[in-house]
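K.L.:
Questions regarding the structure given below will be posed in turn.
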Amino acid sequence: MSVLVDVTCRPNITINRTLLNFFDIKISPNKKYGLTSVDITVDPARDLWFCLCTPTEPAADVKLPTILFFHGGGFARLRPDSFLYDSVCHRFAREIPAVVVYINYRLTPKNRFPSQYDDGFDVL
């Protein structure tokens, strides 16, 4: 992962998003490993959406915890539909078990802080 970060950073410390997106493997929502995941659009103008991942057969009398997951990348890199983060969220949902909500928040520097947290509140 650190090699990918090094390769996609320009000498002036900005991010080459085109190159980064080329290396970033995207996953489509699907039903696998006893889980159901679906993408839900909140605001198409901001490309604000989240993925809701739930176990397919939770026990009837058990209330599942909810995890609100902000993917890594310093608010500047990657997306929640990246293979790495999608796998992590599916593992949380399967092994805890829990309902996992992972958000496609706006990235910096185009969108200044705290827009990422604002996106999280809008999803809630």
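K.L.:
Just to be sure before I move on: is Arg94 outside any strand (DSSP E or B), of a type in the set (Lys, Arg) and either at pLDDT 80 or above or out of contact with any Leu (no Cβ under 9 Å at 6 or more places or on another chain) (or both) in the structure I sent?
P.N.:
yes
K.L.:
How about segment 98-109: which of its residues are at pLDDT 90 or above and over 20 Å from Ile40 (Cβ atoms)?
P.N.:
none
K.L.:
Report yes if Ala60 is out of contact with any helix residue (DSSP H, G or I) (no Cβ under 6 Å at 6 or more places or on another chain), among the small types (Gly, Ala, Ser) and in contact (Cβ under 8 Å) with a residue 24 or more places away in the chain, otherwise no.
P.N.:
no
The values are calculated or read from the model by the stated rules, or taken from the named source; none is laboratory data. What you are looking at is a predicted structure, and each value in this text was computed from that prediction instead of being measured. For neighbour counting, all protein chains shown are included, and Cβ atoms are generated from backbone atoms with ideal geometry for every residue, glycine included.
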